[in-house]
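Before any comments, here is the structure.
The values are calculated or read from the model by the stated rules, or taken from the named source; none is laboratory data. Since the model is a prediction, treat every value here as computed from it, not as a measurement. Here the Cβ is made from the backbone with ideal geometry for all residues, glycine too, and neighbour counts use every protein chain on show. When the accessible area is computed, the model is the full protein with side chains, heavy atoms only, and any ligands, DNA or RNA have been set aside. Shrake-Rupley method; radii C 1.70, N 1.55, O 1.52, S 1.80 Å.
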Amino acid sequence: MTKQKTSERIKMLSIMAMLTALAVVADYYLRIPNIGGFLTYEPKDVIISIAAFIYNPIAGLIISLVTCLAEIPISKTGPIGLLMNFLSSATFVGVASVIYYRKKTILRAVIGLIAGSLAMVAVMLLWNYIMTPIYMGVSRELVVGMMPTLLLPFNAIKAGLNSALVLLIYKPLVTALRKSKLIPIRDSNDNENKRLNTIIVAVVSALAVATMILVLLIFAKII
């Protein structure tokens with residue numbers, strides 16, 4: 001590895017660490033808890049999405065996981081909350097950044113964020129149907145009744161607000177980082193793009209398979 005590549009790798013890791021720290025700070029100090037009794041809004045996905053847009057979707061997924069793990073000391077929802085938070089962030093960030101990463105334009109960013117929002121809302125409705133009865137000890141019929149009045153509006157507003165904040169913050173931040181020579185001006189090469197997209201597709205496919213298995217188990221009344 002040349003000195004230039006080593007320097008670029010160190011810069012990348014430094015910026016990723018900084019953005020991870022900012023995501024954790026946003027998670028800890030800018031959260032709005034107890035929405036509807038058990039939901040929490042925090043803007044960490046804004047920072048994570050910016051990191052994924054700057055680098056790649058894998059970076060976004062890594063920061064999503066690290067941020068969710070860092071939330072454990074203040075979380076009251078345990079492993080279920082950790083899983084739900086990661087699924088929410090990973091879906092929103094993963095879908096949005098995969099679309100944007102293929103061709104970095106403002107139109108692709110908007111399309112990616114809309115797609116990420118829709119995917120996140122759909123995934124969270126399904127996983128709330130699966131996990132909320134286990135976590136809260138209520139019937140699935142009650143959870144279904146909460147979907148149009150609480151779960152759907154909450155996730156839609158959360159995704160829409162985060163998307164708007166990404167569009168507002170991303171360009172000025174990236175411009176400043178590029179002027180400071182902390183991030184490269186050129187995107188990664190096509191081979192790297194293809195490799196990363198293949199990994200993302202595999203992760204999303206595994207998540208889809210796990211989700212469908214759980215749904216089948218529910219309908220079979222095994223869990």
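Output the number of residues of the stretch 36-61 satisfying the condition of being free of Cβ contacts under 8 Å to residues at least 24 places away in the same chain and open to solvent by 30 Å² or more (accessible area, probe 1.4 Å).
Quick first cut of the stretch 36-61, residues free of Cβ contacts under 8 Å to residues at least 24 places away in the same chain only: 37, 40, 42.
Next, only the ones that are open to solvent by 30 Å² or more (accessible area, probe 1.4 Å) stay: 37, 40.
So the answer is 2.
Can we say GLU42 is touching a Lys or Arg at 6+ places or on another chain (Cβ under 7 Å) and more than 13 Å from ALA90 (Cα to Cα)?
Details: touching a Lys or Arg at 6+ places or on another chain (Cβ under 7 Å): yes; more than 13 Å from ALA90 (Cα to Cα): yes.
Taking the combined requirement at face value, the residue satisfies it.
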So which residues in the stretch 62-83 are under 21 Å from MET131 (Cα atoms), touching an Asp or Glu at 6+ places or on another chain (Cβ under 9 Å) and surrounded by fewer than 23 Cβ atoms within 10 Å (Cβ to Cβ), if there are any at all?
-> GLU71, ILE74, GLY81, LEU82
Only one of these is within 17 Å of ILE169 (Cβ to Cβ) and of a type outside the set (Phe, Trp, Tyr): MET12, MET84, MET16. Name it.
-> MET16
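When the stretch 50-76 is examined, which residues are found to be within 27 Å of VAL110 (Cα to Cα), touching a Gly at 6+ places or on another chain (Cβ under 7 Å) and not aliphatic (A, V, I, L, M)? Don't jump to the end; show me each part of the working.
So in the stretch 50-76, the residues within 27 Å of VAL110 (Cα to Cα) come out as 50-68.
Imposing the further condition that a residue be touching a Gly at 6+ places or on another chain (Cβ under 7 Å) reduces the set to 51-52, 57, 60-61.
Result: PRO57, GLY60.
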Check whether at least one residue in the stretch 46-67 is assigned to a helix (DSSP H, G or I), closer than 22 Å to LEU126 by Cα and not hydroxyl-bearing (Ser, Thr, Tyr), and report yes or no.
-> yes
Checking VAL110 against (1) modelled with pLDDT under 90; (2) touching an Asp or Glu at 6+ places or on another chain (Cβ under 8 Å), which test does it fail?
-> (2)
Search the stretch 117-135 for residues that are within 19 Å of SER64 (Cα to Cα) and modelled with pLDDT of 90 or more and pair each with any residue that is open to solvent by 20 Å² or more (accessible area, probe 1.4 Å) and among the hydrophobic types (A, V, I, L, M, F, W, C) when their beta-carbon atoms are under 6 Å apart and the residues are at least 6 apart or on different chains.
-> ALA119/VAL95; VAL121/ALA156
